[in-house]
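The numbers here are math on the coordinates, done by the rules we state, and not lab data. Only a predicted model underlies this, so the values are computations on that prediction, with no experimental measurement involved. As a convention, Cβ positions derive from the backbone with ideal geometry for all residues, glycine included, and neighbour counts pool all protein chains shown.
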Amino acid sequence: MARGRIAVLMPAVYDELDKELLSGIYTSAAVIGFDTLVFTAVSAENDADYTRGENNIYDLPFLTDIDGIILVPDRFKDKALKNDIVKRIEKSRLPCVAIKENIGKIQGVFLDQSKSIYDITEHLITVHGYRDILCLTGPHSNSEAEERAAGYIRAMKRHCLNSIDVIYGDFWRNSASELAKEIAEGKRQCPEAVVCTSDIMAVVLCEKLSEYGLNVPEDIAVTGYDGSVYTLLTRPPITTVCGGEKTIGMLAVKALAPKLGITLDIECNKQYMRICSSCGCHDIEKEKEHLLQYTENIVRKQLDRKTFMYSNYIAKMSDCESIPKFAAVLDSLRYLLPECKAINVCVCEDWQVEHPEYRKSGFSENMQLIYSEEQPGQLDFPLYKLLPCLNLPHEPQFWVISSIHYSDRIIGYIATSYDKAEQFAADEHYIGWCDAVGNGLDIVIKKSNTEYIWQKLEEKNMSDIYTGLHSRRGFVSKINAGDTIMLFSFPKRYTNTPYFVPIVSAVLRSDEAVRAAVYLGETVFAVTFEKHGTTDFTRKLCQAVSELGIYTSEDEIYNISDEISADTDMRLTELYYQLIERGTPRSSEAYSEIFSSLRKEMKYSPQNEWNITDAALRTGLSGSHFQRLYKKHFGVSFNEELITFRMDRAKYLLKNTSISVQRIAEECGYTNAAHFMRQFKDREKMSAGQYRKAANNE
């Protein structure tokens, strides 16, 4: 069982070496029973607001229950951000180690790089018999460059070879290009082999030598260091040192363990040579195996990219007006992150606050879990718990936590878990997903606030400024019992016609038979008459609007009318959906998407006041027709499904929280706790209290 949490602060987790580092940390942390929580961001340097919103995630470890920290300082390109994180670590007094760097008061963890270069130089000497070997390393003042060069020198001296030649370069492309040019032009005697102390130098050296007509390894053997996948894509593939990142990840946990009061006695040296053709060895089968593994990953990425292209996930996430609808859409798009084992979306309790008061840094003391496959409905929890699921008994897990933000607006964080650290990458898919979540929630905020504003305006205003007609509230107030209302819709082609709404509104205002009129949207208007005022109305309307440039026939105008007796507003809504349905008839199969969306929304928000009447209105169906189609689609009635979803939420809350049964009944949409308890016992064959006790004893 997990007994603690190690936070890894590391930006830009992308390539295979980044994954290798995290794999070393996770496998070692699991040995001592700790979760690995990676807090990561990919900064957009050209957008300061976006970058601030993204980097806000590095505040989170200091606000939650974390036992220790592993910092990866060399990945941070923003020095100010790195220094700020170091200060916060020192101030927090949390146990911490830094990878490849002593920084401030934080102890560094370092790899024995000398031995690996010694081994690869030894291979060139003993296996291939090379004697004239030079070493291309990094800058003279760089400790890693010096340490790697020392391994080369030690191997050369062991074999009493006096042709020791160390070239100090840049660990990058320029020094390798310059060396190839000097050899090709005869300015430097051509050696038998070159030991490069970084893969990028080895790759560039091979490419440039080939351009100059020199063959590797026939004319010059070349080796690298790092284990980068690029060495497999070079011709010939390059012999290099692998496993360094995994080793240092393991060493970091081993160094952190004593600071946590734990002894970790594991073998950490996972470095090895990946032998390829560039040194003179020719194990074609092994090279094919390495390339096949890499090719499989590339093909999977291409398939994922195709899936993303056709999913329209950004538009779908941007078309939600409520959290339940948003959670349902997230669930429908869950397949886009196939390697991810679980997703939790958590928002700050003040996430709906609008500009300019919205949150720009930090997180609220209490959070809301709005989406998790395991948790139906929303769940409030204190920030320090980070994720509700981590506070239950579980085996050590690997989680990645990133900021949910829109520009500089802080909304919350998204957490994803994986079986293996190698399955995660902050690539364009993951970043796009997180950005789409932030953008979608920002739109939910705007829509909910806009709807609230319009509701308030409608409460005060009896007329619609845009159309000159009545507002909905004003229209309803003009209707008396026994009056007739008619709803009618024009063809959809007129939605793009300039001044369509004002023209029709002007016609309705000029008709003496119309006591009140309202525009309901979607080319739909409603009017009210005296009892028999609907006679010949559609024909006269067509003629009047045609004279003003909107040409349509009477057959193209759908209409529906009814005599009003009571509950005018509700009847108006019912007639509206019936009219829309009449204008766009559907087969039962065509309802699949709207029914599935409604069902998912109900699943993720079962505590809401769901009823057949409102659900039917949303689909434009009568209550009885809605119930028939719902059962045909899902094999269970609407009410039975609602009870199931409410029971699922109740069981989750009983198992994962300590709140009272009375409160759980309310959280599941029951106004009567006794009714909830009877229904729970009927379904589960035990009381809610017995269920909680049994779940806690598992």
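Miscellaneous remarks
- Using alpha-carbon coordinates, inclination of helix 638-656 to the longest axis of the chain, degrees: 40
- At most 12 other Cβ within 10 Å, DSSP loop - GluC sites (Glu not before Pro), the stretch 42-117: GLU45
- Cleavage-rule hits, chymotrypsin sites (Phe, Trp or Tyr not before Pro), the stretch 590-698, DSSP coil, Cβ neighbours within 10 Å at most 16: none
- Over the chain: helical MRE at 222 nm, DSSP H runs n ≥ 4 each giving -39500 (n - 2.57), nearest 500: -14000 deg cm²/dmol
- When the pairs LYS19/LYS100; LYS246/LYS385; LYS19/LYS385 are compared against a 21 Å limit on Cα-Cα distance, LYS246/LYS385; LYS19/LYS385 fall above it.
- Seen against the Cα atoms of the chain and their longest principal axis, helix 323-332 is set at about 60 degrees.
- Of the cross-linked pairs LYS115/LYS254; LYS115/LYS187; LYS655/LYS685; LYS325/LYS603, those separated by over 22 Å at the C-alpha level are LYS115/LYS187.
- Whole-Å distance, taken between Cα centres, linking the stretch 312-347 and the stretch 224-276: 36
- Rounded if a/c under 1.5, otherwise prolate or oblate - the stretch 1-77, Cα gyration tensor axes: oblate
- Relative contact order computed over the stretch 113-242 (Cα-Cα under 8 Å; 6+ residues apart), in percent: 25
- Linear extension gain, SER407 paired with PHE110, 0.36 nm per residue minus alpha-carbon span: 103.2 nm
- Semi-axis lengths, Å, the chain, gyration tensor of Cα atoms, sqrt of 5 times eigenvalues: 65, 32, 22
- Once the Cα gyration tensor of the stretch 649-698 is diagonalised, semi-axes √(5λ) in Å: 16, 13, 7
- With R₀ set to 22 Å, the beta-carbon distance separating SER658 from TYR384 gives a calculated FRET efficiency near 0.90.
- Straight-line cross-link reach from LYS157 at under 18 Å between alpha-carbon atoms covers these aspartates and glutamates, not counting any fewer than eight positions away in the same chain: ASP119, GLU122, ASP132, GLU146, GLU147, ASP165, GLU192.
- The shape of the stretch 472-583 comes out prolate: with a ≥ b ≥ c from the C-alpha gyration tensor, a/c is at least 1.5 and a/b beats b/c.
- GluC sites (Glu not before Pro) within the stretch 584-677, DSSP loop, no more than 12 other Cβ atoms inside 10 Å: GLU609
- Normalised contact order of the stretch 462-516, rounded percent, pairs of Cα under 8 Å and 6 or more residues apart: 42
- Distance between the modelled labels on ASP419 and GLU554, one decimal in nanometres: 6.9 nm (7 Å Cα→Cβ projection).
- Global form of the stretch 113-242, assessed from the alpha-carbon gyration tensor, a/c cut-off 1.5: rounded
- Extension gain from VAL353 to ASP15, taking 0.36 nm per residue of separation minus the Cα-Cα distance: 117.9 nm
- Antiparallel bridges, percent of DSSP beta bridges restricted to the chain (to nearest 5): 60
- Annotation: peptides 468-475, 19-26, 358-365, ranked by per-residue average of other Cβ atoms within 10 Å with the highest first, follow the order 19-26, 468-475, 358-365.
- Reducing the stretch 1-41 and the stretch 386-412 to their Cα centroids gives an inter-centroid distance of 14 Å.
- Evaluated with a Cβ-only charge set (Lys, Arg +1; Asp, Glu -1), the chain carries a dipole of roughly 1420 debye about its Cα centre, given to the nearest 20.
- Part-to-part distance (alpha-carbon centres) for the stretch 676-696 and the stretch 495-510, which is given in Å: 59
- In degrees, nearest ten, helix 623-634 long axis to first principal axis of the chain (Cα): 30
- Each residue of the stretch 8-14 is assigned a 3J(HN,Hα), and the resulting list reads 10, 9, 7, x, 6, 6, 9 Hz, derived from the Karplus form 6.51 cos²θ - 1.76 cosθ + 1.60 (θ = phi - 60°), x at Gly and Pro.
- Placing a pseudo-label 7 Å from each Cα along the Cα-to-Cβ vector at ALA184 and ARG618 gives an inter-label distance of 6.7 nm.
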